[in-house]
Each structure stands twice: as C-alpha cells, then as structure tokens.
Amino acid sequence: MTTIDPRMGAFDAVMFGVEGDPLLRSVITLVATLDCEPDPAIVQDRIERMSLATPKLRQRAIGNPLSLVPPRWETDPNFDMTYHLRWERASAKAAGLSEVLELAETISEQDFDRSRPLWEVHMVTGLEGGKAAFIIKIHHAITDGMGGLAMAAALFDLEREPTTELPPKPDAPVGHTLDAKDRIEQGIQVEIKSTFSDVKTTTKTLADLAKRGVTDPVTSAVDAQEFAASAGRLLAPASEPLSGIWTNRSLSVAFSVIEVNLDDLKKAAKSVGGTLNDAFMAAVTGGLAAYHELHGENPGSLRVNMPINVRSANDTGASGNQWVPARFTVPTNIADAAARMRQLHPILTQARMEPALPVSQVVYKALALLPRPLTTSIAGGLMKGTDFAATNVPGPPIPVYMAGSKVESMVPFAPKAGAALNIGLMSYDGKVFLGINIDRAAVGSPEELTDLLAESLESVVAVGFDK
C-alpha cells in the first residue's frame with residue numbers, strides 16, 4: 001500500500017520546531033504499573049498493531065530548519081520494532097514505583113533520534129512482587145493526551161484473558177518519496193495557500209466586527225474591546241515568570257505521583273457548584289502557594305499554561321493535536337479550599353471560552369511557516385514566562401488489562417515546555433493520578449513541593465465531606 005505522506009499540522013510543527021531550544025522539548029510520558037509481568041509475544045503483537053493502525057508511528061519527520069513549510073511525515077524505510085519496543089529488567093530486587101519513575105525521568109529527557117519515528121515503549125520487569133510497568137514516550141507532534149489514549153486503546157483488553165478475536169493485521173505502509181520539486185509544490189499548494197486562506201477568513205471576521213460598529217457602535221465597541229483583551233491574554237509575550245523563586249530552567253527533572261479517589265474529588269467540586277477541573281486547579285494552586293510561602297515568597301498570582309481541548313464530538317482520531325494553548329494568571333492568595341474553588345471557577349470558564357482562541361490557531365499556523373530558529377525565538381517568548389503548566393485528561397473509567405496483566409495505575413507526565421513544572425491529571429478506574437514533572441533547577445525541593453500538593457489536595461477533598 002503506497003501512501004502520500006502529509007505535512008505536520010500547525011501546532012505539531014511549532015512544537016517540533018521549537019526544540020532548537022532543548023528547554024522547550026515537548027515529550028509526553030505515560031507510566032503505567034501492572035500487577036504481573038505481561039506475555040512478551042502478546043505485547044509485541046499489540047504494539048505492532050498499534051503502530052500499523054496509527055500511520056505517524058511508522059513515519060519520521062522530514063524537513064529543513066530554514067524551510068517556509070512545515071516538516072513532512074514520511075514513512076520510515078528502516079522501521080525497526082525492536083528499536084521502539086525495549087525491555088528493561090529492574091536492577092534492584094525490591095524495585096518499585098520509585099525506581100520506575102527514576103528510569104522514566106532519564107528516558108523522558110533523552111532527545112529522540114529524528115531519523116526514526118518519534119516514540120518508544122519501555123517494558124520494565126523484575127519489580128517487587130512479580131509486578132511490571134511500562135513507559136510510553138511519544139513526541140507531542142504526533143498526538144495530544146486525548147489522542148494518545150485513543151491510540152493506546154489498541155494495547156488493552158477489558159478482561160485479563162487477552163482476546164484472540166482480532167482482525168488481520170494491515171499491511172505495513174510503503175512510503176512515497178517526493179523529490180525536491182514535488183516537496184516545494186506540495187508545500188505551496190497544501191500549506192502556504194491554506195494558511196493564507198485562514199488568515200483571510202480571520203481578517204473577514206475582524207472586518208465584520210468593524211462593520212457592526214456602524215449600525216451598533218456600543219455593542220461593537222464592547223465586542224472589539226473583549227476581543228482585544230482576549231488576544232492580549234493569549235498571545236502577549238511573557239519572558240519572565242511571576243514567581244520570584246522559580247526563575248531557573250534546566251533539563252534536570254523529578255517525577256512524582258499523587259493519588260486520590262475520583263468520586264471524592266468530584267464530590268468536593270459539586271459541593272461548591274464547580275467542576276472536577278476547578279477542584280484539580282484549587283489543589284494545585286493551594287500547593288504552589290504553600291511552597292512559595294514556606295520559602296518567603298508571596299507572588300499573589302502565577303501564570304499557567306493550560307491546553308484547551310477543541311476536539312469535536314465526532315473527532316475520535318488518535319493522531320494529531322486538537323487543542324490550543326491558553327495562558328492566563330491564577331490567584332494564589334486564598335487559603336480556604338472551598339473559596340479557592342469558587343474563585344477559580346469563572347477564571348477557568350473564561351479560559352475555555354476566550355473569543356480569540358480561533359485567532360491563536362491562525363497565529364500558530366503562521367509561525368509554522370517561519371524558519372525554525374525564528375519560530376523558536378517567538379514561541380519561546382510565549383512559553384518561558386510560564387510558571388507552571390497543568391492538564392486534565394480522562395482515562396478509562398473501568399479496569400483494563402495488557403497481555404494478561406491488570407493495569408493498576410496510569411500516570412501522565414506532560415512536558416514542562418519552558419515552565420517550572422507541569423502537573424497532569426488522569427482519571428482511571430475510579431482513581432485520579434497526578435503526574436508531577438518538576439524542573440529541579442527551578443524547584444529546589446521537589447519532595448517538599450509534592451508533599452504540599454498532596455496536603456492541598458486533601459484539603460480540597462475535605463470540602464466535600466464538610467457539607
């Protein structure tokens with residue numbers, strides 16, 4: 001089967017291109033624990049099926065740093081499953097989650113071999129009690145958190161006994177190599193024309209707003225003011241963090257995990273008329289504020305980068321990114337957990353409803369057409385002033401199994417991308433797992449911060465039991 005390989009989407013291309021600055025690396029890491037060691041042959045089969053069902057897992061990114069079009073996905077002629085699926089044996093006899101996290105830290109910060117597809121799966125065996133784990137590392141240019149879960153669904157069963165009723169494997173893809181002339185033509189036809197079309201549409205939207213000013217000047221002035229304010233919140237450069245103690249950045253990371261009952265967190269949110277995301281962010285901001293206070297700092301507010309999901313109800317694709325980044329400030333001056341949830345609710349609601357969100361997509365599409373060094377410089381100005389990032393991804397609501405092993409936990413570690421830390425929430429089988437990705441140069445005491453976040457989470461949960 002011969003296919004014409006596509007070019008990266010706008011967000012994908014920007015996230016791929018900004019890695020000229022290693023501090024902006026955009027790698028998603030998932031750590032899952034298993035109650036026993038899985039069947040190696042079934043693991044091999046399922047991961048191979050996953051790679052065949054998702055074309056980008058068999059493709060490498062081909063592009064020129066000075067090109068005016070995004071990199072092209074090209075089927076890897078040297079695809080080698082043994083490179084992407086690796087088996088690791090724990091060195092310590094009593095190795096547990098902490099040893100797995102140490103391995104995941106090292107894996108997550110190693111750059112990809114860009115002559116190959118941008119993903120790896122590490123199966124870790126020999127853990128205490130006969131348990132195992134697996135670490136999935138995938139570049140954000142391939143997919144986002146929601147897409148990654150849809151992709152990983154090919155690995156799981158709903159019962160311990162692996163199903164044998166699987167369709168035949170599709171044929172491995174055969175790439176269609178473009179020469180220089182074809183690549184230029186494809187870039188002009190598909191990418192540059194598409195971008196100018198989007199810019200034209202956005203310009204028309206702004207023109208319509210101006211026309212309404214003639215017939216309804218008061219309403220139009222309010223709309224224009226709101227749009228301008230929204231665009232400023234989303235796109236204004238911010239090269240300096242608001243925190244006075246989280247100013248350094250490095251490639252050294254610390255991974256930690258916090259676990260809580262999903263129903264308890266939902267109950268707390270419901271008790272104040274909020275959402276799960278309100279409770280999550282109240283726990284996060286409470287812990288971050290406590291850490292700053294402990295170190296003699298009171299910033300009053302911190303800047304967060306939070307992805308806003310723009311997938312439609314009908315969009316179930318596993319690859320590609322369907323989100324836009326929202327950067328905004330959150331207050332850190334409310335000690336009471338219930339009051340903090342109420343305070344955050346309108347702020348988080350506004351972030352999801354920003355009028356300028358569609359324009360930000362056009363801006364990133366234009367950025368993708370710039371030479372990568374310039375893209376890195378501009379995007380870095382949008383990212384490096386972020387204090388922390390946070391993301392919330394719903395996982396399977398019921399237990400799932402992998403090659404005869406029950407998945408006990410799923411912990412996401414989202415990329416810091418210039419922030420001091422990223423806190424990812426994933427729900428799975430009635431539990432919530434917070435994966436905390438901390439820059440050791442920014443946060444001097446990762447263990448202390450994790451403890452304070454856990455205490456803050458407990459205080460949020462307690463709100464639901466006080467009602």
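For residue 327, the criteria (1) buried (at least 20 other Cβ atoms within 10 Å of the Cβ); (2) at pLDDT 95 or above hold in every case but one, which is (2). Can residue 366 be described as assigned to a helix (DSSP H, G or I), closer than 29 Å to residue 150 by Cα, hydrophobic (A, V, I, L, M, F, W, C) and modelled with pLDDT under 70? When the stated conditions are applied, residue 366 passes them.
Tell me whether the range 417-432 contains one or more residues that are in a helix (DSSP H, G or I) and out of contact with any helix residue (DSSP H, G or I) (no Cβ under 6 Å at 6 or more places or on another chain).
Looking for residues that are in a helix (DSSP H, G or I) and out of contact with any helix residue (DSSP H, G or I) (no Cβ under 6 Å at 6 or more places or on another chain), one finds none in the range 417-432, hence no.
Residues of the range 57-74 being touching a strand residue (DSSP E or B) at 6+ places or on another chain (Cβ under 7 Å), over 24 Å from residue 157 (Cβ atoms) and either modelled with pLDDT of 90 or more or polar (S, T, N, Q) (or both), which ones? Across the range 57-74, the qualifying residues are 59, 60.
Residues of the range 391-432 that are crowded, with 20+ Cβ neighbours inside 10 Å, over 12 Å from the mean Cα position of the chain (by Cα) and at positive phi: 403, 418.
I'd like to verify a number: residues in the range 75-124 that are assigned to a loop (DSSP other than H, G, I, E, B) and in contact with a helix residue (DSSP H, G or I) (Cβ under 7 Å, 6 or more places away or on another chain), how many?
9
Filtered by the rule that a residue be farther than 30 Å from residue 427 by Cβ, modelled with pLDDT under 75 and either touching a Ser or Thr at 6+ places or on another chain (Cβ under 6 Å) or not aliphatic (A, V, I, L, M) (or both), the range 146-186 gives 175, 176, 177, 179, 181, 182, 183, 185, 186.
When the criteria are applied in full, residue 33 meets the requirement of being of a type outside the set (Lys, Arg) and either closer than 16 Å to residue 122 by Cα or out of contact with any helix residue (DSSP H, G or I) (no Cβ under 6 Å at 6 or more places or on another chain) (or both). From the residues in the range 245-269 that are hydrophobic (A, V, I, L, M, F, W, C) and in a strand (DSSP E or B), which one is farthest from residue 432 (Cα to Cα)? Checked the range 245-269; the qualifying residue farthest from residue 432 (Cα to Cα) is 253. Per the listing 29, 82, the residue uniquely among the hydroxyl-bearing types (Ser, Thr, Tyr) and either crowded, with 16+ Cβ neighbours inside 10 Å or farther than 20 Å from residue 133 by Cβ (or both) is 29. If I ask for residues that are at pLDDT 95 or above and not charged (D, E, K, R), which ones from the range 83-99 would you list? If the condition is that a residue be at pLDDT 95 or above and not charged (D, E, K, R), then 83, 84, 85, 87 are the ones that fit. Within the range 285-302, restricting attention to residues that are modelled with pLDDT under 95 and at negative phi, the residue that is surrounded by the most Cβ atoms within 10 Å (Cβ to Cβ) is 299.
For the condition out of contact with any His (no Cβ under 9 Å at 6 or more places or on another chain) and within 21 Å of residue 293 (Cβ to Cβ), residue 408 does not qualify. When each of 112, 134 is tested for being surrounded by fewer than 21 Cβ atoms within 10 Å (Cβ to Cβ) and in contact (Cβ under 8 Å) with a residue 12 or more places away in the chain, the lone residue that passes is 112.
The number of residues in the range 140-152 being outside any helix (DSSP H, G or I) and out of contact with any helix residue (DSSP H, G or I) (no Cβ under 7 Å at 6 or more places or on another chain) comes to 1.
The values are calculated or read from the model by the stated rules, or taken from the named source; none is laboratory data. None of the values given here were measured: they were computed from a predicted structure. Ideal geometry is used to build each Cβ from the backbone, glycine not excepted, and the neighbour counts take in all protein chains shown.
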